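One structure follows; several queries about it will come next.
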């Protein structure tokens, strides 16, 4: 029985060596190929000095190579740290330094965009390039590391599994999310945390070797955990949506039909684009059996349109923060889509091997009809925020509902309403975190980027509800003389990922204040809505 | 830019540089691959299409929203020419 994520690959490769594991525009890898390539990558990382418990970054556009890197890193006993390939280099470098990476899988273009001082301390020992371009140039930059090309690894490294002893409580990956104080937080997930989720979804959705599972979410987004690991556990095939068609709904719809995708998983905004601009009626999706969505609230009018366009699959709303992975789920019923209904579908009931409870402000469980914050008990609950025991202690708490033995409970920050039928309805956030296209955004991180410009005296980032993408962001700024929008935009662009960039920067002589002297964001929001 | 261009591509370039690249048009030329470089993603593409529709008074049908028409400034120019913009 596998107790590590990478063992899922080893097991499936023994059963189904010739089955396609990953299909992407660059390459199709069978289980045998993916298994031996990831063994080779692991062996090179180990040769270069990567040890069990280390972290290895992946800074690459998603490809069959990055999937091989995930398993190679885990087989070396390390945790993988996927970085948004479109992330500004300062943010990428912050993350790589923050978790003290020992190795990096990247390509020559991406590595050259990173600041050189990343490699100065000498802690980065191994750099693996998926291309063979400019090996010398990269070696010059990454002076203290050994730089290898993919083809060198393939030609020279042993294809046997190094079988590094790792236990299920060791880290499997770290996913960085927006942090309210201005710096991204690394959600550290163990093999056990992740496998508990993978085993649940494998059973619940009956994933089989004949399934063709889409991979739409980027690897730094936790929806990818289902796409990669549940597929590999089943001996099924994961189809990476080509980067080239991600933004083009007509082609994406055709791709789903032509590839014969059986299980689709994405944020609702991707499905909204498909139904609005994808000409869904032009194709036949007969093989599609399950559609999973997560990451944000799906406005019911769009969900209704999607189900009308493709009625036969089962539709499931999956809910859960990165810190717990999915913890509740709900299968959409016909009655949920009745004309005139405007309330979004519930987030459902707890997954197997997970318990959830709504807690009121006095710390007591809430029954049907009440409202409270959702708390989660499960082996899926993260090990903590990397290097941030203070932040971890605020959300991973001793289980105050039972103090007779050692147990923890995770405080989600999400307000929910228990319904009479046992399902939970999502109500909103307790704090200032917002979602745009499924991405978590802390307005505090945007404000920190604005304040980091020396000319900015006051700043407020405000989120406006947007049905299609969740939220749009507007920045209000009071500056000393002469600061231009362009300059501030450029300043933020170097610090924030694309999805966090304010859509509008508005300079004001002053910002409204509350009676306690804080910036009055509620009144700014109201102004915008008008 | 060539003086004989009939389509107002300067406006398209300005839009991409200003709205999608936040003022940073370094390295943005007619052949820059807007998809590979991440300039065009699902949200920015919608904004670009709205801009083209408004600026050139055209309708961009969903079927025309394909990489071949949006891969680069020169691809956008060819597309606009085909659409009858002058």
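The values are calculated or read from the model by the stated rules, or taken from the named source; none is laboratory data. Quantities reported herein were computed from a predicted structural model and do not represent experimental measurements. No Cβ is skipped: glycine too gets one built from the backbone with ideal geometry, and neighbour counts run over all protein chains shown.
Count, please, the residues in the stretch A:464-494 that happen to be in contact (Cβ under 8 Å) with a residue 60 or more places away in the chain and surrounded by 21 or more Cβ atoms within 10 Å (Cβ to Cβ).
2
Just wondering, is there one or more residues in the stretch A:221-238 that are within 14 Å of chain B (Cβ to nearest Cβ) and closer than 26 Å to residue B:40 by Cβ?
yes
Of the numbered conditions (1) touching a helix residue (DSSP H, G or I) at 6+ places or on another chain (Cβ under 9 Å); (2) away from chain B (no Cβ under 14 Å); (3) at pLDDT 85 or above, residue A:478 satisfies every one except a single condition; which is it?
All conditions pass for residue A:478, except number (1).
Which members of the stretch A:497-520 meet the condition of being more than 10 Å from every other protein chain (Cβ to nearest Cβ) and touching a helix residue (DSSP H, G or I) at 6+ places or on another chain (Cβ under 6 Å)?
Matches in the stretch A:497-520: A:500, A:512.
Could you list, in sequence order, the residues of the stretch A:62-85 that are in contact with a helix residue (DSSP H, G or I) (Cβ under 6 Å, 6 or more places away or on another chain) and within 14 Å of another protein chain (Cβ to nearest Cβ)?
A:83
Is it the case, given these coordinates, that residue A:423 is within 30 Å of residue A:355 (Cβ to Cβ) and either more than 21 Å from the chain's Cα centre (by Cα) or more than 14 Å from chain B (Cβ to nearest Cβ) (or both)?
yes
So which residues in the stretch A:31-48 are touching a strand residue (DSSP E or B) at 6+ places or on another chain (Cβ under 6 Å) and within 15 Å of residue A:238 (Cβ to Cβ), if there are any at all?
A:31, A:34
While we're looking at this one, here's another question. Looking at residue A:209, is it away from chain B (no Cβ under 14 Å) and without any contact (Cβ under 8 Å) to a residue 40 or more places away in the chain? Break it down stepwise before answering.
Details: away from chain B (no Cβ under 14 Å): yes; without any contact (Cβ under 8 Å) to a residue 40 or more places away in the chain: no.
So residue A:209 fails the test.
On to the next question. Can you tell me which residue is surrounded by the fewest Cβ atoms within 10 Å (Cβ to Cβ) among those in the stretch A:308-326 that are without any contact (Cβ under 8 Å) to a residue 60 or more places away in the chain and in contact with a helix residue (DSSP H, G or I) (Cβ under 7 Å, 6 or more places away or on another chain)?
By that ranking, first place goes to A:309.
May I pose another question? Here's a check for you: in the stretch B:60-75, which residue that is in contact with a helix residue (DSSP H, G or I) (Cβ under 7 Å, 6 or more places away or on another chain) and more than 12 Å from chain A (Cβ to nearest Cβ) is nearest to residue A:279 (Cα to Cα)?
B:75
From the residues in the stretch A:112-127 that are free of Cβ contacts under 8 Å to residues at least 60 places away in the same chain and in a loop (DSSP other than H, G, I, E, B), which one is nearest to the other protein chains (Cβ to nearest Cβ)?
Per the criteria, the residue is A:114.
What number goes with the only condition from (1) away from chain B (no Cβ under 14 Å); (2) farther than 17 Å from residue A:243 by Cβ that residue A:89 does not pass?
Status for residue A:89: all satisfied but (1).
Follow-up question, since we're still on this one. Looking at residue A:264, is it more than 10 Å from chain B (Cβ to nearest Cβ) and free of Cβ contacts under 8 Å to residues at least 24 places away in the same chain?
On the way: more than 10 Å from chain B (Cβ to nearest Cβ): yes; free of Cβ contacts under 8 Å to residues at least 24 places away in the same chain: no.
Taking the combined requirement at face value, the residue does not satisfy it.
Go through the stretch A:334-351 and give me each residue that's within 21 Å of residue A:200 (Cβ to Cβ) and surrounded by fewer than 12 Cβ atoms within 10 Å (Cβ to Cβ).
Taking the stretch A:334-351 first, the residues within 21 Å of residue A:200 (Cβ to Cβ) are A:345-351.
Once the filter is applied, which keeps residues that are within 21 Å of residue A:200 (Cβ to Cβ) and surrounded by fewer than 12 Cβ atoms within 10 Å (Cβ to Cβ), the stretch A:334-351 yields nothing.
Consider the stretch A:495-522. How many of its residues are surrounded by fewer than 17 Cβ atoms within 10 Å (Cβ to Cβ) and part of a loop (DSSP other than H, G, I, E, B)? Show your work before the answer.
From the stretch A:495-522, those surrounded by fewer than 17 Cβ atoms within 10 Å (Cβ to Cβ) are A:503-504, A:506-510, A:512-518, A:520, A:522; that's our starting set.
Keeping just the survivors that are part of a loop (DSSP other than H, G, I, E, B) gives A:503, A:508-510, A:512, A:514-518, A:520.
Within the stretch A:495-522, residues that are surrounded by fewer than 17 Cβ atoms within 10 Å (Cβ to Cβ) and part of a loop (DSSP other than H, G, I, E, B) number 11.
Hey, among the residues in the stretch B:8-22 that are facing chain A (nearest Cβ under 10 Å) and outside any helix (DSSP H, G or I), which one's modelled with the highest pLDDT?
Out of the qualifying residues, it is B:21.
Given (1) within 18 Å of residue A:436 (Cα to Cα); (2) within 14 Å of chain B (Cβ to nearest Cβ), where does residue A:242 come up short, assuming only one miss?
All conditions are met except number (1).
One line per residue, one yes/no per condition, for (1) more than 10 Å from chain A (Cβ to nearest Cβ); (2) on the phi > 0 side of the Ramachandran plot; (3) part of a loop (DSSP other than H, G, I, E, B):
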position	(1), (2), (3)
B:47	no, no, no
B:50	yes, no, no
B:58	yes, no, yes
B:84	yes, yes, yes
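Going through the stretch A:8-25 one residue at a time, which ones are surrounded by fewer than 19 Cβ atoms within 10 Å (Cβ to Cβ) and out of contact with any helix residue (DSSP H, G or I) (no Cβ under 6 Å at 6 or more places or on another chain)?
A:11, A:14, A:15, A:18, A:20, A:23, A:25
Please go through the stretch A:333-368 and give me each residue that is in a loop (DSSP other than H, G, I, E, B) and more than 23 Å from residue A:409 (Cβ to Cβ), ordered by number.
A:333, A:338, A:339, A:340, A:341, A:342, A:343, A:344, A:345
Suppose we keep only residues that are out of contact with any strand residue (DSSP E or B) (no Cβ under 7 Å at 6 or more places or on another chain) and surrounded by fewer than 17 Cβ atoms within 10 Å (Cβ to Cβ) within the stretch A:258-278. Which one would you say is modelled with the highest pLDDT?
A:258
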